[in-house]
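Right, one structure below, let's go through it.
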Amino acid sequence: MKSTILAISAHNDDHLIGAGGALTKYAKEGKRFFTIICSYGEQSHPHLERGVIIKKRVTESLKADKIMGGSGVAYLNILEGKFPETLSDPKIVRQVKKILAREKPEKIFTHDLDAHPDHRAVNRFVMKLCDEGVIKCPVYSFDIWSVAKFKNRNVPRLVVDISGTFTTKVKAFLAHESQKLAITMLIWKMVIKDWLSGLVNGTQFAEVFYRLR
């Protein structure tokens, strides 16, 4: 069985912004990557019926996953603003544990403790699973909001050269056509961040992750 990389993301484009290049590179190297997405993010389109935007988001995330060479996406169906209480729901915990047992990841990418409350909730949820011994593999954080992800920290770093997969990462991000505002706000920040990370680490584009466990 192929080695599996797992991404645990609050929203359907977060793992793309933070780790899309690395995930695509792992897939090209013959590894599997699977993604858990906590929320459909339907509150970004309050004028649409929930079912309509959910269908759009699922279609877009599956398209992006295919572009990147992923092995599937699982949604937890958590409402935005309800992350802390829902992530402690025994049903959700069992669902995530079942995925972990099935995938047996060698490495996990998830959120840093950034400014977004949903991102922080996901980080704390993953760390709780680590504390409980459910997650035993290395866990690395990705960043969404900062332009620079190469600040000095007294923890191990993982630097992935994504020069060969950066274009694919952008293509997968642009597949989320219903999120035009997010694309407009984040595309240039993503480009600058990956370029600066590459510059600091001696390559064209790079993603930098910090080990949490």
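Just so it is clear, none of the values below were taken in a lab; they were calculated from the coordinates. None of the values given here were measured: they were computed from a predicted structure. Using ideal geometry, Cβ is built from the backbone for each residue, glycine included, and neighbour counts are taken over all protein chains shown.
List of remarks:
- Divided by 2.2 N^0.38 Å, where N counts the residues, the Cα radius of gyration of the chain comes to 0.95.
- The chain, relative contact order in percent, only Cα pairs under 8 angstrom and at least six apart counted: 26
- Theoretical ellipticity at 222 nm over the chain - DSSP helices of four or more residues, -39500 (n - 2.57) apiece, nearest 500: -15000 deg cm²/dmol
- By average C-beta atoms within 10 angstrom, highest first, the peptides 115-127, 6-18: 6-18, 115-127
- Once backbone amide H atoms are built at 1.01 Å from N, Ile78 has Ser39, Tyr40 as its partners under 5 Å, excluding neighbours fewer than 5 places away on the same chain.
- The chain: antiparallel DSSP beta bridges as a percent of all, rounded to 5: 30
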